[in-house]
Every structure is written in C-alpha cells, then in structure tokens.
1. Work out the length of the dipole vector of the chain about its Cα centre, built from +1 on the beta-carbon of each Lys and Arg and -1 on the beta-carbon of each Asp and Glu, and round it to the nearest 20 debye.
2. Ignoring ligands, DNA and RNA, please state the percent of accessible area on the chain from carbon and sulfur, probe 1.4 Å.
3. For the chain, take the convex hull of the Cα atoms, compute a quarter of its surface area, and give me that in nm², please.
4. Put +1 on the Cβ of each Lys and Arg and -1 on the Cβ of each Asp and Glu in the chain; which of 256, 226, 208 then has its Cα farthest toward the positive end of the dipole?
5. Can you give the relative contact order of segment 183-272 as a percent, counting alpha carbon pairs under 8 Å and 6+ residues apart?
6. Pull out a ≥ b ≥ c, the square roots of the eigenvalues of the alpha-carbon gyration tensor of segment 120-241, then state rounded if a/c is under 1.5, prolate if not and a/b is larger than b/c, and oblate in the remaining case.
7. Using the Cα centre as the reference, give the magnitude of the dipole from point charges on the C-beta atoms of segment 228-329 (Lys, Arg: +1; Asp, Glu: -1; all else neutral), rounded to the nearest 20 debye.
8. Over the chain, what is the relative contact order in whole percent, taking alpha-carbon pairs under 8 Å and six or more residues apart?
Amino acid sequence: MPPREDDVDQNSVRRPVVDRSRLRPEIRRMLEEADRLGAKPVEEQTPVEARASSEVRLGNHWGVKDAFEAIETFTIAGEGYALPVRLYLNPESSNTILYFHGGGWVVGSLETHDGALRALALAARANILSVEYRKAPEAPFPAGLDDAERALRWLRKNGEARSLDAGRVIAAGDSAGASIASALAMRARDAGAPLFGQVLVYPATDLVNPTESRAAFALGYSLNKTTLDWFAAQYLAAGVSADHPEVSPLLATDHAGLPSTLLITADHDPLRDEGRAYAAALIKAGNQVTYEEWRGVVHGFMIMDRTTPAARQLIGVIARWCNELWSRR
C-alpha cells in the first residue's frame with residue numbers, strides 16, 4: 001500500500017509511515033536499521049560522492065565471497081576509452097554470460113557485484129564477462145549501452161581464443177544493468193546477430209509513465225522515488241527523451257524476435273509494474289519468457305547475501321534457467 005502520513009512528534013512534523021508487514025523479516029530488519037542510521041540519500045550527493053558511498057554500501061550487502069580460482073580483470077581498448085571488464089573463467093565450460101551491474105546508470109562497479117557473480121559463475125558452471133560500462137552524468141546515454149555493445153563485439157571476436165562460446169551468449173543484468181541488457185538485445189536483433197538469451201532482474205523499462213508500484217513503494221523500500229528520478233536525470237543529461245526505446249524498452253514499437261528471457265521482479269519494488277509489463281509485452285510479441293515475481297523482497301535483493309538467503313536462491317534460479325536454455329539448444 002502507498003505510504004501514509006501521520007503525526008509523529010509534538011511539533012506536528014508529518015513524516016511518511018510505510019507498511020513493511022509483508023516483507024521477509026530479515027529484509028524488514030535491514031530497512032529498519034537503515035532508518036536508524038539515517039545515511040545521506042544518494043540524490044543529495046554529487047555523482048562522485050554517490051559512487052564512493054555506494055561502493056561501500058552495495059559492497060557490504062554481500063557476505064563472504066566464494067573462492068574462485070580463475071578471475072582476470074583487464075580492459076577492452078578502442079573508441080578513446082579503455083573499457084574495464086572482469087572475466088570469471090570456468091575451464092570446464094564454454095557457456096558464457098555477459099553481465100551488466102545495476103546502480104542507476106550512475107553508481108555500481110565490478111566490485112559491488114563481485115560476490116554475486118562469483119556465486120553465479122559457480123552455480124551455473126559457466127563463464128561470466130562483467131562489464132564496467134561508463135557512468136552518467138559524465139557519460140550519459142547512450143555511452144553505457146555503447147560500451148555493452150563493444151563488450152559483445154569483443155566477446156564474439158575473441159571468445160573462441162579463450163574457449164568461450166560467443167555464439168550462445170546470454171546477456172544479463174540487474175536494475176539499470178538489466179535495462180542495458182534489454183536494449184542490447186534489441187540492437188543485436190536489429191543487427192542480424194541476436195543474443196542467445198537474456199536475464200533481466202528487476203529491470204527499469206519505462207522512464208515515462210507513472211505506475212502503481214512507483215507510487216506504492218515511493219519511500220522506505222530500499223529504492224526511493226526521489227533516487228529513481230535523480231538517476232534518470234543523470235542518465236538523460238545529454239537531453240535524450242525518456243521515451244527513446246533504448247532508454248525505455250517497454251515503449252519500443254517492436255518486441256518481436258528477441259531472445260529467450262528470464263525476467264524477475266520484486267513485489268515491494270517501485271520498478272515492479274514496468275517489469276511485469278515488459279514480460280507481458282515480450283510474451284505478446286511471441287518470445288519465450290519465464291517470469292517470476294519474488295514475494296517479500298525489495299529492489300536490489302540479488303546482491304543482499306549478507307541479509308537474506310533469497311539472494312543465493314535467486315542466483316540458483318538464474319543458473320538453472322541458463323543451463324536449461326543452453327542444454328536444449
């Protein structure tokens with residue numbers, strides 16, 4: 001339900017009261033602790049400050065990282081920018097996931113998602129190429145998406161030399177990274193070289209239209225509306241319209257011919273409804289879609305291993321879906 005307002009002190013200062021009763025207990029406790037700490041909101045920081053604080057905040061969501069023997073961090077040269085990537089290499093498999101981290105197109109990094117991607121590479125028994133795409137507002141849309149396309153081109157050109165199956169790449173991402181992955185899938189389709197699959201975890205798919213979930217979970221559920229609005233303003237700093245189909249994939253006129261899709265939403269997430277709508281649009285266009293809405297969780301739960309077992313449970317679901325797709329084709 002939407003936040004309601006109540007008097008909470010003798011000076012009649014009105015503050016929102018949120019209903020967290022249907023959240024998993026461990027996630028409710030995490031949010032209550034965040035309330036007590038009262039950290040400065042992302043949107044009240046400069047982008048540089050936001051990145052620095054997010055490296056700590058997001059990185060601390062993961063507990064003990066799994067040991068992983070073969071990890072290589074390097075850069076892909078070209079176009080005036082050395083693109084950092086990290087390869088989680090599984091010598092027993094050629095199956096490959098191309099991953100884009102979340103963070104509102106402004107924050108997040110190879111490091112903030114390192115714990116989750118180690119776990120995913122092990123669970124899927126696959127290789128993962130994680131991409132450190134450029135961030136807004138210094139590099140607004142389409143810089144991050146262009147970097148994603150560059151990483152895909154590199155993988156298709158160089159994958160065989162590293163025993164990576166570049167012909168059956170699954171693009172994946174969470175939040176803003178899922179938005180980038182979905183736009184990359186459309187670019188790859190239009191170029192005549194479609195992706196093999198895509199995994200979209202609570203994606204941002206519509207930066208234009210209000211939804212019930214954006215109103216219902218506007219404050220107090222991990223990702224606030226004011227933060228969402230700030231992220232979008234940074235991403236569109238070059239003046240691109242929010243209804244551009246590579247910014248808001250839900251608003252694209254053609255959803256046909258896209259790869260098999262696993263799409264995940266969280267039920268207490270302002271992005272929930274646009275994720276639901278994108279799954280419906282893909283299905284309507286004739287694509288193969290597996291859609292799951294996870295109950296009692298909030299935006300970002302995939303990297304919250306320190307807080308909730310749902311993080312590794314979701315990673316297990318993603319791993320099984322990827323392996324099933326690879327095995328049947």
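The values are calculated or read from the model by the stated rules, or taken from the named source; none is laboratory data. Small disclaimer: the values here were computed from a predicted structure and weren't measured. Methodologically, a virtual Cβ is constructed for each residue, glycine included, from the backbone with ideal geometry; neighbour enumeration extends over all protein chains shown. Keep in mind that these areas ignore ligands, DNA and RNA; they rest on the heavy atoms of the full protein, side chains included. Shrake-Rupley method; radii C 1.70, N 1.55, O 1.52, S 1.80 Å.
1. Approximately 760 debye in magnitude.
2. Numbers: 7150 of 13920 Å².
Exposed carbon and sulfur together represent 51 percent of the surface.
3. 16.5
4. Positive-most Cα among the choices belongs to 256.
5. Values: 110 pairs, mean separation 44.1, N = 90.
Relative contact order of segment 183-272: 49 percent.
6. Prolate shape, in that a/c is at least 1.5 and a/b is the bigger ratio.
7. In total the dipole reaches around 480 debye.
8. Working: 645 pairs, mean separation 61.6, N = 329.
The normalised contact order for the chain reaches 19 percent.
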